[in-house]
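Participant: My structure is below; once you've seen it, I'll send some questions.
The values are calculated or read from the model by the stated rules, or taken from the named source; none is laboratory data. Since this is a predicted model, take the numbers as computed values, not measurements. Positions of Cβ are backbone-derived with ideal geometry, glycine not excepted, and every protein chain shown enters the neighbour counts.
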Amino acid sequence: MSLRKRWRDLDGATVRRAPDRYGVYELGDEEGTVVDLGVGVLRDELKDALAYGTAAKVRWEEAASKEHAERIADEHR
């Protein structure tokens, strides 16, 4: 099951607006097909994804802690 959030373009502006806190994120291709799901500090993870060019779109859900983010991710795997 995927996150129930709208897709955003994975670009510099989106990365700058991403929260500097833990969360779950999904990376998608141009058509919105999920290509990766991860957990981490959102801004840092999205900077890496943008730098490596692994996706075109992103969506995320913030979490209160790393453990909380991991529980959310488990629900979506």
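Participant: Limited to region 2-43, what total is found for residues that are acidic (Asp, Glu), surrounded by 13 or more Cβ atoms within 10 Å (Cβ to Cβ) and more than 20 Å from ARG77 (Cα to Cα)?
Facilitator: Result for region 2-43: 1.
Participant: Here's something else I'd like to know. Across region 1-38, which residue is farthest from ALA55 (Cα to Cα) among those that are part of a loop (DSSP other than H, G, I, E, B) and of a type in the set (A, V, I, L, M)?
Facilitator: Only one residue fits best here, namely MET1.
Participant: Then there's this: With respect to the numbered conditions (1) assigned to a helix (DSSP H, G or I); (2) in contact with a helix residue (DSSP H, G or I) (Cβ under 8 Å, 6 or more places away or on another chain), which one is the sole condition not fulfilled by ILE72?
Facilitator: (2)
Participant: Under 9 Å between Cβ atoms, at least 6 apart or on separate chains: pull out the pairs that start in region 58-77 with a residue that is touching a residue at least 40 places away in the same chain (Cβ under 8 Å) and within 17 Å of ARG43 (Cβ to Cβ) and end on any residue that is basic (Lys, Arg) and in a strand (DSSP E or B).
Facilitator: VAL58/ARG8; ARG59/ARG8; TRP60/ARG8
Participant: For residues that are farther than 20 Å from MET1 by Cα, at pLDDT 95 or above and surrounded by 13 or more Cβ atoms within 10 Å (Cβ to Cβ), scanning just region 49-65, find the one that is farthest from the chain's Cα centre (by Cα).
Facilitator: Result: LEU50.
Participant: Additional query: Return the pair list, or none, for Cβ contacts closer than 6 Å from residues in region 10-35 that are in contact (Cβ under 8 Å) with a residue 24 or more places away in the chain and β-branched (Val, Ile, Thr) to residues that are surrounded by 15 or more Cβ atoms within 10 Å (Cβ to Cβ) and in a strand (DSSP E or B), at least 6 apart or on different chains.
Facilitator: Matching pairs, first to second residue: THR14/ARG8; VAL24/VAL39; VAL24/GLU61; VAL34/GLU26; VAL34/GLY28.
Participant: Further question: Out of region 5-44, which residues are touching an Asp or Glu at 6+ places or on another chain (Cβ under 8 Å) and either more than 23 Å from GLU67 (Cα to Cα) or hydroxyl-bearing (Ser, Thr, Tyr) (or both)?
Facilitator: Residues satisfying the conditions are TYR22, TYR25.
Participant: Here is a follow-up. Specify the residue that is nearest to ALA69 (Cα to Cα); the eligible residues are those in region 45-55 that are free of Cβ contacts under 8 Å to residues at least 24 places away in the same chain and outside any loop (DSSP other than H, G, I, E, B).
Facilitator: GLU45
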